[in-house]
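Chemist: First the structure, which I've put down as structure tokens, then a few questions once you've had a look.
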Amino acid sequence: MRVLLIIWIALSSMMIKVDSFFGVNYIGMSKNEIKQMISENHKALKLNTVNTNDKYNYLKYEDRINEITVLFFLSEDDNCTLVRLMSDYSNINDILDDLNSIYIPIDKSNWKFKDAENLIINLEEGDWFFTITIREKDKE
């Protein structure tokens with residue numbers, strides 16, 4: 001019984017804490033600031049430098065435990081312009097709870113920041129996984 005408790009505690013501490021992930025505005029952060037923030041606050045996320053696409057400037061982090069991938073798309077001067085989190089559906093209820101508690105819901109798949117009116121969060125549901133995108137709102 002004690003062994004199971006230790007394993008459960010170890011696995012729990014390795015999981016990405018989604019609410020603290022979404023509680024930070026990464027848009028505008030530099031590449032180095034993102035790396036530091038992730039390494040200090042999300043130890044379960046590991047930088048993937050093996051599978052890269054030279055067409056885009058981005059950082060790719062993966063969490064094997066929760067099946068989460070996070071992409072930080074960067075401008076030419078290495079500042080974050082878009083964040084994309086992809087996950088299987090086992091995480092959707094927790095992520096929706098976090099989004100609804102941290103941001104202002106617009107509808108069932110869109111939220112806005114409380115302190116940054118120019119940013120929007122979008123949920124896109126796919127067949128096998130869902131995607132959360134954080135980006136600047138389109139200019140109208």
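Coordinate-derived values only; no laboratory data. The shown structure was predicted, so the numbers you read here are calculated from the model rather than taken from an experiment. Note: ideal-geometry Cβ built from the backbone for every residue, glycine included; neighbour counts use all protein chains shown.
Chemist: May I ask you to derive the FRET efficiency for LYS46 and GLU136 from their Cβ-Cβ distance with R0 = 25 Å, giving the value to the nearest 0.05?
Modeler: 0.35
Chemist: Tell me, THR49, THR131 in order of fewest to most beta-carbon neighbours within 10 Å?
Modeler: Taking fewest neighbouring Cβ atoms as first place, the list is THR49, THR131.
Chemist: How large is ³J(HN,Hα), in whole Hz, for each residue of the stretch 64-71 in order, when computed from phi with the Karplus curve 6.51 cos²θ - 1.76 cosθ + 1.60 and θ = phi - 60°, using x for Gly and Pro?
Modeler: Each residue's phi maps through the Karplus curve to give 5, 5, 9, 6, 10, 10, 10, 10 Hz.
Chemist: Follow-up. TYR56 versus ASN122, label points 7 Å from Cα toward the beta carbon: distance in nm?
Modeler: 1.3 nm
Chemist: Now for a separate question. What nm value, rounded to one decimal, do you get for the distance between THR81 and GLU67 when each label is placed 7 Å out toward the C-beta?
Modeler: Inter-label distance under the simple model: 3.2 nm.
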